[in-house]
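Below: one structure, written as structure tokens.
The values are calculated or read from the model by the stated rules, or taken from the named source; none is laboratory data. None of the values given here were measured: they were computed from a predicted structure. Using ideal geometry, Cβ is built from the backbone for each residue, glycine included, and neighbour counts are taken over all protein chains shown. We work out accessible area using only protein heavy atoms, side chains counted, and drop any ligands, DNA or RNA first. Shrake-Rupley method; radii C 1.70, N 1.55, O 1.52, S 1.80 Å.
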Amino acid sequence: MKKMLLALFALVLLFSATAAFAADILVGVAMPTQSLQRWNEDGANMKKILEGKGYKVDLQYAENNVSVQISQLENMITKGVKVMIIASIDGSALSDVLAKAAEAKIPVIAYDRLIRQSPNVDYYATFDNFKVGVIQGKFIEEKLGLKDGKGPFNIEFFGGSPDDNNAFFFNGGAMSILQPYLDSGKLVCHSGQTKMEQIGILAWKSEDAQARMDNLISRSYTDKKLDAVLSPNDSLAYGISASLENNGYIPGKDWPIITGQDCDRANVKNMIAGKQSMSVFKDTRALASKVAEMVDDILQGKQPEVNDTKTYDNGMKVVPSYLLEPVFADVNNYKELLIDSGYYKEEDLK
Ligand code: BGC
């Protein structure tokens with residue numbers, strides 16, 4: 001009993017010591033935009049978890065404006081943050097401000113998106129981005145029966161924002177599955193646009209994806225139907241399905257397969273309504289907890305845990321990374337994944 005009490009006392013002491021240690025420490029969190037649901041969740045989770053550990057948090061959103069993000073980071077340096085967590089807008093535009101952070105000895109964690117062209121990125125935490133694309137590519141492969149030799153099918157491709165390193169990983173993963181079928185003619189892309197420089201949508205804008213889909217349909221699909229659209233994420237899938245709807249495609253009838261990623265509320269609703277075939281769930285709570293652990297370790301002089309030291313070369317160095325698992329989601333498993341886990345409430349999806 002006495003031993004147990006002592007152990008409890010020691011634990012309380014340890015906890016209050018950690019909290020007191022954290023209490024004076026300001027952590028900077030820079031998020032790209034509030035216009036997409038996921039970054040609001042990411043920011044809110046990050047703030048909640050860090051504050052729960054006793055840190056003070058400076059959370060900033062830059063509305064997809066690169067120079068705004070740079071000045072937010074400069075401000076954080078001036079305010080004396082002890083660590084910076086950054087989900088970049090343009091991954092290659094932060095070299096100068098990160099040089100300033102390095103001068104001030106502020107460690108930097110790249111959040112979800114790799115920061116490129118800077119030696120001053122200490123760690124990277126994300127989901128396995130290549131695997132996200134593989135999940136999407138495999139879904140199309142399976143739904144169309146490509147492995148069983150079925151086809152040819154008509155497909156169009158969309159890519160993410162060209163200034164976001166993730167966009168190339170998503171595309172690489174999906175094309176690792178789909179390219180052989182394009183080569184063999186079992187998948188046909190009538191626009192001929194399959195390369196990232198032709199299919200990328202700057203800033204991941206739904207409305208631009210919608211406009212491109214409108215264009216593709218009027219140029220190449222007035223006399224034939226689309227069977228599949230590879231969309232790397234939900235914001236693009238949202239625009240693509242709006243276009244399909246305006247162009248007369250009907251869910252459950254001739255609606256093509258459309259992929260996505262993030263399980264944004266509007267897209268889960270679209271899955272339920274038959275307007276999006278799948279998404280990829282990346283639990284932002286898990287990413288935020290992982291990054292908060294990294295912050296603790298860095299500030300206590302420990303090496304944060306990483307599980308990938310090869311994949312993410314940012315042009316200057318290979319950034320030690322922690323990759324979380326992305327999970328396939330569709331209308332059959334969304335309840336278990338999203339509602340039972342407390343990520344959403346049932347009424348959020350009504
Ligand atoms: C993220 C995706 C997100 C996209 C648009 C990417 O960097 O990994 O989850 O859909 O940005 O915000």
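If N is the number of residues in the chain, what value comes out of its Cα radius of gyration divided by 2.2 N^0.38 Å?
Numbers: Rg = 22.1 Å, N = 350, 2.2 N^0.38 = 20.4 Å.
This ratio for the chain stands at 1.08.
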Next item on the list: Measure nothing fancy, just the Cα-based angle from helix 37-52's long axis to the longest principal axis of the chain, in degrees from 0 to 90, nearest 10.
Entry: 20
Item checked: Accessible surface of the chain, 1.4 Å probe, proportion on carbon and sulfur as whole % -> 54
Note to self: What figure, in Å² to the nearest 10, do you get for the accessible area of residue 208 with a 1.4 Å probe and non-protein molecules left out?
What the structure shows: 70
Next item on the list: Could you check how many percent of all C-alpha pairs in segment 212-350 are farther apart than 28 Å?
Entry: 37
Check: What is the dipole size for segment 129-282, taken about its Cα centre, with +1 at each Lys and Arg Cβ and -1 at each Asp and Glu Cβ, in debye to the nearest 20?
Finding: 360
Notebook entry, point to check: Counting Lys and Arg as +1 and Asp and Glu as -1, each charge on the Cβ, what is the dipole of the chain about the Cα centre in debye, to the nearest 20?
Noted result: 520
Checklist line | Sparse-neighbourhood loop sites, trypsin sites (Lys or Arg not before Pro) in segment 173-241 - DSSP loop, at most 16 other Cβ within 10 angstrom | finding: 195, 224, 225
Next item on the list: Excluding residues fewer than 8 places away in the same chain, name every one of the lysines whose C-alpha is closer than 20 Å to that of residue 147.
Entry: 131, 138, 186
Next item on the list: Would you mind checking which residues have amide H under 5 Å from residue 255's amide H? H placed 1.01 Å from N; only 5 or more apart, or other chain.
Entry: 250
Check: Considering every pair of different Cα atoms, what Kirkwood radius, in Å, is found for segment 195-236?
Finding: 11.2
Next item on the list: Using Cα pairs closer than 8 Å and at least 6 residues apart in sequence, work out the relative contact order for segment 129-282, in percent.
Entry: 25
Next item on the list: Tell me which residues come under 5 Å, amide H to amide H, from residue 233 once H is placed; ignore anything under 5 positions away on its chain.
Entry: 261
Check: For segment 313-326, in order, what is each residue's ³J(HN,Hα) by Karplus, 6.51 cos²θ - 1.76 cosθ + 1.60 with θ = phi - 60°, in whole Hz (x at glycine and Pro)?
Finding: 7, 9, x, 10, 7, 8, 8, x, 10, 10, 9, 9, 8, x
Note to self: If every alpha-carbon in segment 222-301 counts as one equal scatterer, what log10 I(q)/I(0) does Debye give at q = 0.25, 0.27 1/Å?
What the structure shows: -1.11, -1.23
Checklist line | Other-chain or far-sequence residues with amide H under 5 Å of residue 29's (modelled H) | finding: 58, 59, 60, 85
Next item on the list: On a C-alpha basis, how far is the centre of segment 101-120 from the centre of segment 190-228 in Å? Whole number, if you could?
Entry: 35
Next item on the list: Could you work out, for segment 129-282, what percent of all Cα-Cα pairs fall into each 10 Å distance bin, beginning at 0 Å and stopping at the bin that holds the largest distance?
Entry: 12, 47, 37, 4
Item checked: Restraint check, 282/317; 100/302; 269/345; 48/100, Cα-Cα greater than 20 Å -> 282/317; 100/302; 48/100
Notebook entry, point to check: Just the accessible area per residue of the chain, please: how many Å² with a 1.4 Å probe?
Noted result: 44
